[in-house]
Amino acid sequence: MTAQRRIPEHVAIIMDGNGRWAQSRGLPRTAGHKEGAETVKRVVEAAAELGIKYITLFGFSTENWNRPADEVSALMGLMRHYVRGNIAELHEAGVRLRIIGERHRLEPDILKIVENAEQLTHGNERIHLTIAFSYGARQELVAAAQKLAFEVEAGRLHPDEIDQTRLSHALMTADMPDPDLLIRTSGEKRISNFLLWQLAYTELVFLDTLWPDFSKADLDAAINEFNGRQRRFGGLTNSASA
């Protein structure tokens, strides 16, 4: 009997390769980012069809603020366009949308669009789409440590009570399960300050495909590779302990 394929509950994706996709076609980098935004729509629907409950996409890092001003401006424009232009469709499809990252760095109109979208889709449960935007994992951990330090200073928490669970609950992903599978496109093999705490036992799959070319078939192939892994979480498999 063939073993039933496991579908990961939570898939995280580092969407890499937009610029290279564009440059290989003689197009400006912004064209790659625009095509990458179209890929997001296809991949979210594909994930929902496969039964994935959580998908977290790395859209813009805190380090990306150091890119040329015109590219940053284009990325901000794409964020506006994606959320404002697709929120009704996402809501109808049962998608809950959330943004994690340093919101104070976003322009006020983008922040308002994001907040309205989150409020509209709050009750949806088909799939949880989280976009990490102006996000850095080290910054997230510092913010969590500061939050716990304030609790200690206020006398509401004793230092001995700080454990992994409390720290997890102080993160931006507090109400989400940790990712089962991380996919990075474009052939790069690093996690680039993305979900450092949450990825402790995540299976990592690196694909040569550039993000604008990423398809449901690529997602399916990554899940097949995930199914070939033995997730031990530091322990032993049954066969190994026999």
*Find how much the distance from K112 to L50 grows on full extension, using 0.36 nm per residue of separation minus their present alpha carbon separation; answer in nm with one decimal.*
19.2 nm
*For the chain, radius of gyration divided by Kirkwood radius, i.e. Rg to Rh on alpha-carbons*: 0.98
_Net length gained if the chain between W197 and I7 were fully extended (0.36 nm per residue, minus Cα distance)_ = 66.2 nm
*Measure out, as a whole number of angstrom, how far apart the alpha-carbon centroids of the stretch 28-93 and the stretch 133-171 sit.*
29
*Taking 0.36 nm per intervening residue step and subtracting the Cα-Cα distance, what contour gain separates K216 from D160 on full extension?*
15.5 nm
*If the cut-off is a Cα-Cα distance under 23 Å, which lysines reach K112, setting aside same-chain residues fewer than 8 apart in sequence?*
K34, K41
*Compute the distance in nm between two label points, each set 7 Å from the Cα along the Cα-to-Cβ direction, one at R190 and one at R67.*
1.6
*asked:* From the alpha carbon gyration tensor of the stretch 74-193, can you work out the equivalent ellipsoid semi-axes (sqrt of 5 times each eigenvalue) and give them in Å, largest to smallest?
replied: 28, 18, 16
*Selection of GluC sites (Glu not before Pro), the stretch 84-159, meeting DSSP coil and at most 11 other Cβ within 10 Å*: E125
*What order do you get for F150, F133 when you list them from fewest to most C-beta neighbours inside 10 Å?*
F150, F133
*Given q = 0.18, 0.20, 0.22, 0.24 Å⁻¹, what are the Debye log10 I(q)/I(0) values for the stretch 26-133, with equal point scatterers placed on the Cα positions and solvent ignored?*
-0.89, -1.09, -1.28, -1.47
_For the stretch 1-137, give me the percentage of DSSP beta bridges that are antiparallel, rounded to the nearest 5 percent._
0
*Could you calculate the FRET efficiency of L27 with E102 from 1/(1 + (r/R0)^6), where r is the beta carbon distance between them and R0 is 35 Å, rounded to 0.05?*
0.75
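Bear in mind these aren't lab numbers, they're just calculated from the coordinates by the rules spelled out. The shown structure was predicted, so the numbers you read here are calculated from the model rather than taken from an experiment. No Cβ is skipped: glycine too gets one built from the backbone with ideal geometry, and neighbour counts run over all protein chains shown.
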